[in-house]
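Report on the structure given below.
The values are calculated or read from the model by the stated rules, or taken from the named source; none is laboratory data. Small disclaimer: the values here were computed from a predicted structure and weren't measured. Neighbour counts are summed over all protein chains in view; Cβ atoms, including those assigned to glycine, are modelled from backbone coordinates with ideal geometry.
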Amino acid sequence: MPKFEKEVEIDAPIEKVWEVITDTNKWPQWFPGIDSVSNVKAISAGGTFEWVDDGKTAQGTIVAMEPLKYLEIMTQLGDDKDLHKFNLRSSGGFFGLANDECKVEYILDTLMGGGILGKFVAGGNPKDTLRVKKAMHNLRKLVESS
């Protein structure tokens with residue numbers, strides 16, 4: 001299962017970052033591959049939603065969450081499943097004591113099989129690497145501008 005990771009520091013308190021990453025109305029502005037979100041059942045573990053990417057409707061599930069700490073979302077479009085993990089921690093100031101910034105780590109696990117060769121090929125996939133990088137750039141921009 002190839003994983004793609006990116007960490008960014010956002011110039012905003014962790015509460016503000018959490019508010020943005022759990023607001024499904026803002027997902028199309030930063031979440032990779034999501035053009036729109038609908039039929040959101042709940043933003044809590046077990047909650048489901050539908051999303052559209054390039055005209056195709058798909059399903060998603062909130063796998064796990066701990067407020068202000070982490071969020072795990074499973075998206076599925078056809079047979080393609082991705083696990084998106086977001087880990088948040090306060091930072092800023094001397095030893096992070098100011099708590100005026102937030103570090104966000106995003107791990108995209110493509111959940112694909114294919115043995116060693118498949119993992120090697122997918123692990124070097126520049127498309128997924130760029131999706132993760134762009135998502136974190138857009139998230140930082142969105143949070144810091146609001």
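Structure data summary
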quantity	calculated
Criterion: touching a Phe, Trp or Tyr at 6+ places or on another chain (Cβ under 9 Å), among the aromatic types (Phe, Trp, Tyr), surrounded by 18 or more Cβ atoms within 10 Å (Cβ to Cβ) and within 16 Å of Leu142 (Cα to Cα) - qualifying residue of Trp18, Trp27	Trp27
Long-range neighbours under 6 Å by Cβ, at least six apart or interchain, first residue without any contact (Cβ under 8 Å) to a residue 24 or more places away in the chain within segment 54-76, second hydroxyl-bearing (Ser, Thr, Tyr)	Gly60/Thr75; Thr61/Thr48; Met74/Thr61
Residue within segment 30-43 that is farther than 11 Å from Ile62 by Cβ, touching a residue at least 60 places away in the same chain (Cβ under 8 Å) and out of contact with any Asp or Glu (no Cβ under 9 Å at 6 or more places or on another chain) present	yes
Filter result (among the basic types (Lys, Arg) and either in a loop (DSSP other than H, G, I, E, B) or within 12 Å of the chain's Cα centre (by Cα) (or both)) within segment 17-71	Lys26, Lys41, Lys69
Residues that are on the phi > 0 side of the Ramachandran plot, at pLDDT 95 or above and either of a type in the set (A, V, I, L, M) or surrounded by 13 or more Cβ atoms within 10 Å (Cβ to Cβ) (or both), drawn from segment 30-69	Leu68
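A quick yes/no check of all residues on (1) surrounded by 14 or more Cβ atoms within 10 Å (Cβ to Cβ); (2) modelled with pLDDT of 95 or more; (3) not in a helix (DSSP H, G or I):
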| position | (1), (2), (3) |
| --- | --- |
| Leu88 | yes, yes, yes |
| Gly113 | no, no, yes |
| Ile116 | no, no, no |
| Thr129 | yes, no, no |
